[in-house]
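Chemist: Quick one: the structure is below, questions incoming.
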Amino acid sequence: MSDIIKLLPDSVANQIAAGEVIQRPASVVKELTENAVDSGATEISVVIRDSGRTLVQVIDNGSGMSETDARLAFERHATSKISSADDLFSITTKGFRGEALASVAAVSMTELRTRREEDEAGTLVEINNSRVIRQEPCSCAAGSVFSVKNLFYNVPARRKFLKSDNTEFRHIITEFQRVALAHPEIRFTLIHNDQEIYRLPAGNNRQRIVTLFGKHYNQNLVTVETNTTIVSISGFAGKPENARRSAGEQFFFINNRFIRHPYLHRAVLEAYQGILPPDTVPAYFLFMTADPASIDVNIHPTKTEIKFEDERSVWQIMLASVREALGRFNVVPSLDFGPEGAVEIPVFSGNTPAPPHPEIEVDHTFNPFDGNEYQRPGTTWKGDPEHVTPRGWESLFTITARSEQEAGNEGATAQRRFFQVKNRYIMCPVISGIMMIDQRRAHERVLYEKYLASLGDGPRPAQVSLFPVETELNPGDIVILREIGDQLKTLGFEVKCSKDNIATITGHPADSRNASPLTMLETLIAEYKHTMSDPSIGARERVALSMARASAIPYGMPLTHTEMEELFDMLFACAMPNYSPTGKTVMNIITLEELDRRFS
């Protein structure tokens, strides 16, 4: 029997490695921009064409490479960052394993032009499918220019699984933002299809955040600053009133490296306990500095997950830091003994005589049983005091009387009475007990099925705004609006996007109960981003769900009896009235047996 184990060719091994490191065009942007940062560049430009399918180009003014280094850089595990295993615990650079360029070159047509400041001529290296096509001297500026063309051209199965241009470009923006946030001292530029998306001047952390995400962030952040021997934390936490329904602007950095850390995320949420609106997530931009020996960054190919030597202590420090920052800026609610509603106490001077007792007028001749009529506010008692009959009692049963007239019988009346609890739940007597309905979830279900049907039937009526509302969005949100603009228009929501990242709302759905079109737009974008990570939700369902959650009546809104009745009827006309579009329970019934047990 012949041997069956054999070594893979380098080109195949590189393509397999590329599957871990290079998942989409955004991965190329991440790896090349991080290399540019490590080269000591003070200015980095990222040029994208066709959302990275055709071209990803990164230009930097860093240290450049020699002719030999330019060629070796594309070999697997060729690195200038480490020379022994011990070096893995003293890493301060972005990359260190030497996988990025080899992986990129294995699945694309890659070209490098690079020159050191002291060299007269640069070096051109061209590699296709891990094979060196040419290497020769060239004329170029000091620094490096990496051009990655036709990504996955030699792996058609991988290319086929790329998403739409808008989706891929959103991922590119996300990676660009992470690197740019970590290094505000570097000038960054992002250009897509010859259109400038970002031009970020060098500055400090706050300036970089405002430039990336909009001017409104300048007033919505509180400063976090803590120094300990375990970890130092600086940055900003968002005010709770500006929290959004889905994750978006939540960033952790350790030693200028972006990381994901669900454990620390829970620490931040714990700091906001009791002051966040329901089902919302605050924004935060938190930069940690720690001894490289106390963290392990070599646990994931993309290096976005790390382990702390003492995670519990870091958790406690994070919680205390954010909570202290919120309290210092008076974001945490405190007891307020203001003058509103207080009893006004008169102030007397020293010469003012005090009355001996309160003066009360009393009719000493009044006899409640003298005469045939006694008037009390709202009620008249007539006749013999032993057989008094109240007047005005009819108003106590106006709703019931109206319901009886509409329903036509006593049994139906019991089922058509509605009342609201805390402006959140609708209560309704039913044969088996009392039905409780979550008003927002019920409205979400009604709107979701209506919008989903509309996306196949034709456009819905729009309520045109007399005064169009404008708002500045970050480029990632603008990309989302352009991606789903046609579907939103079909649902009656009309938004126009300009080149300077300004969105103008000219109309919204006529059946929307949300009073603010701007709030609707912000919720819509947040909900859409939240559902993007769920592959089980299709494109139509994602738009319908986002619109339903953005348009549904909020908690805290009082409803009339007629409105509650209409919502009840529309809910039970739905195909799935028991659950909201996100799978949460819409209604519950407290049975008569449960009620009896409470009084037993």
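Chemist: Can you work out which of the residues in region 1-54 that are surrounded by 18 or more Cβ atoms within 10 Å (Cβ to Cβ), within 26 Å of the chain's Cα centre (by Cα) and in a loop (DSSP other than H, G, I, E, B) is modelled with the highest pLDDT?
Modeler: The qualifying residue modelled with the highest pLDDT is ARG24.
Chemist: What's the number of the condition ASP477 fails, among (1) modelled with pLDDT under 85; (2) buried (at least 22 other Cβ atoms within 10 Å of the Cβ); (3) farther than 23 Å from PHE213 by Cβ?
Modeler: It is condition (3) that ASP477 fails.
Chemist: Determine whether region 109-125 contains at least one residue that is over 30 Å from GLY248 (Cβ atoms), assigned by TED's automatic domain parsing to the domain that holds LEU32 and at pLDDT below 90. Don't jump to the end; show me each part of the working.
Modeler: Taking region 109-125 first, the residues over 30 Å from GLY248 (Cβ atoms) are 109-125.
So of that shortlist, the ones also assigned by TED's automatic domain parsing to the domain that holds LEU32 come out as 109-125.
Now narrow it down to the ones that are at pLDDT below 90: none.
No, region 109-125 contains no residue that is over 30 Å from GLY248 (Cβ atoms), assigned by TED's automatic domain parsing to the domain that holds LEU32 and at pLDDT below 90.
Chemist: State which residue is modelled with the lowest pLDDT when the search covers only region 447-474 and only residues that are surrounded by fewer than 22 Cβ atoms within 10 Å (Cβ to Cβ) and under 15 Å from ASP569 (Cα atoms). Even if it seems obvious, please write down each step before you answer.
Modeler: Taking region 447-474 and keeping what is surrounded by fewer than 22 Cβ atoms within 10 Å (Cβ to Cβ), we get 449-450, 452-474.
Then drop every residue that is not under 15 Å from ASP569 (Cα atoms), which leaves 449-450.
Numbers: GLU449: 92, LYS450: 89.
Result: LYS450.
Chemist: Moving on to the next point. I'm told ASN218 meets every condition in (1) closer than 17 Å to LEU326 by Cα; (2) in contact (Cβ under 8 Å) with a residue 60 or more places away in the chain except one. Can you identify the failing condition by its number?
Modeler: Here ASN218 meets the rest and fails (2).
Chemist: Continuing with this model, one more query. Please work out if ARG441 is closer than 23 Å to LYS584 by Cβ and part of a helix (DSSP H, G or I). Show your work before the answer.
Modeler: Working: closer than 23 Å to LYS584 by Cβ: yes; part of a helix (DSSP H, G or I): yes.
Against the criterion (closer than 23 Å to LYS584 by Cβ and part of a helix (DSSP H, G or I)), ARG441 qualifies.
Chemist: Any residue that is surrounded by 18 or more Cβ atoms within 10 Å (Cβ to Cβ) and touching a Pro at 6+ places or on another chain (Cβ under 8 Å) - is there at least one of those in region 518-537?
Modeler: Looking for residues that are surrounded by 18 or more Cβ atoms within 10 Å (Cβ to Cβ) and touching a Pro at 6+ places or on another chain (Cβ under 8 Å), one finds none in region 518-537, hence no.
Chemist: I need the full set of residues from region 546-591 which are farther than 24 Å from GLN420 by Cβ and either modelled with pLDDT of 90 or more or out of contact with any Phe, Trp or Tyr (no Cβ under 9 Å at 6 or more places or on another chain) (or both), in order please.
Modeler: ALA575, GLY583
Chemist: A further question on this structure: Being part of a loop (DSSP other than H, G, I, E, B) and under 21 Å from ALA526 (Cα atoms): is that true of LEU269 here?
Modeler: Details: part of a loop (DSSP other than H, G, I, E, B): no; under 21 Å from ALA526 (Cα atoms): yes.
Taking the combined requirement at face value, the residue does not satisfy it.
Chemist: Given the residues LEU162, LEU151, which is the only one that is part of a loop (DSSP other than H, G, I, E, B) and either touching a Ser or Thr at 6+ places or on another chain (Cβ under 6 Å) or not assigned by TED's automatic domain parsing to the domain that holds ARG49 (or both)?
Modeler: Details: LEU162 fails: either touching a Ser or Thr at 6+ places or on another chain (Cβ under 6 Å) or not assigned by TED's automatic domain parsing to the domain that holds ARG49 (or both).
Criteria check complete, one pass: LEU151.
Chemist: Select from region 542-575 the residues that are in contact (Cβ under 8 Å) with a residue 40 or more places away in the chain, more than 27 Å from ASN242 (Cα to Cα) and surrounded by 13 or more Cβ atoms within 10 Å (Cβ to Cβ) and list them in ascending order.
Modeler: Hits for region 542-575 are HIS561, MET564, GLU565, LEU567, PHE568, MET570, LEU571, CYS574.
Chemist: Still on this structure: Identify the single condition in (1) more than 18 Å from ILE553 (Cα to Cα); (2) not in a helix (DSSP H, G or I) that GLN420 does not satisfy, given that it satisfies every other one.
Modeler: (1)
The values are calculated or read from the model by the stated rules, or taken from the named source; none is laboratory data. Note that the coordinates shown come from a computational prediction; the quantities given were computed from them, not determined experimentally. Note: ideal-geometry Cβ built from the backbone for every residue, glycine included; neighbour counts use all protein chains shown.
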